[in-house]
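Written out below as structure tokens is the structure these notes cover.
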């Protein structure tokens, strides 16, 4: 499953939340979004039809009853599925670019990555 930039921004709010959220709560929590408020329901329905999110229940907010939503897959599962579809050469290019562009990777993380590579047996 591949998500658009707007869908990814939307689901990222759900990934960061520890509780199910309503559509207004998602709007309120997505300060860095590039999509307009009026696009909320289109993005929501796209994510529901792709199976990326699911309805969790209902909550009463004032006089309104709103649906709550949760992500179906974690951010780790999503990104792993994207990388799993890459050819070997593409995977090397993507992983290299991510590591090269990160400034927060310390010796501990670099050592862990090295151990993973050394321990890989070509399964």
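The values are calculated or read from the model by the stated rules, or taken from the named source; none is laboratory data. Since the structure is predicted, the reported quantities are computational estimates derived from the model, not experimental observations. Quick reminder, even Gly has a Cβ in these numbers, built from the backbone with ideal geometry, and neighbours come from all protein chains shown.
For the range 47-57, the set of residues classified as closer than 11 Å to residue 3 by Cα and crowded, with 17+ Cβ neighbours inside 10 Å consists of 47, 52, listed by residue number.
Residues that are modelled with pLDDT under 80 and assigned to a loop (DSSP other than H, G, I, E, B) were ranked within the range 87-103; the one that is surrounded by the fewest Cβ atoms within 10 Å (Cβ to Cβ) is 103. Quick one: would you say residue 60 is exposed (fewer than 10 other Cβ atoms within 10 Å of the Cβ) and either assigned by TED's automatic domain parsing to the domain that holds residue 15 or in contact (Cβ under 8 Å) with a residue 60 or more places away in the chain (or both)? Yes. A single entry from 40, 82 fulfils the requirement of being in contact (Cβ under 8 Å) with a residue 12 or more places away in the chain and not assigned by TED's automatic domain parsing to the domain that holds residue 20: 82.
Just one residue in the set 115, 30 is without any contact (Cβ under 8 Å) to a residue 12 or more places away in the chain and over 18 Å from residue 1 (Cβ atoms); that residue is 115. Screening the range 63-84 for residues that are within 22 Å of residue 5 (Cα to Cα) and surrounded by fewer than 10 Cβ atoms within 10 Å (Cβ to Cβ) and picking the one that is nearest to the chain's Cα centre (by Cα) gives 76. Screening residue 92 against (1) touching a residue at least 12 places away in the same chain (Cβ under 8 Å); (2) outside the structural domain of residue 23 (by TED's automatic domain parsing) leaves a single unmet condition, (1). With respect to residue 13, determine if the residue is in a helix (DSSP H, G or I), free of Cβ contacts under 8 Å to residues at least 60 places away in the same chain and surrounded by fewer than 17 Cβ atoms within 10 Å (Cβ to Cβ). Criteria not met by residue 13. Among the residues here, residue 3 qualifies as under 28 Å from residue 113 (Cβ atoms) and surrounded by 11 or more Cβ atoms within 10 Å (Cβ to Cβ). Looking across the range 53-84, just one residue is outside any helix (DSSP H, G or I), in contact with a helix residue (DSSP H, G or I) (Cβ under 6 Å, 6 or more places away or on another chain) and more than 14 Å from residue 22 (Cβ to Cβ), and that is 71. Count of the range 36-52 residues, restricted to those that are under 15 Å from residue 20 (Cβ atoms) and part of a helix (DSSP H, G or I), is 3.
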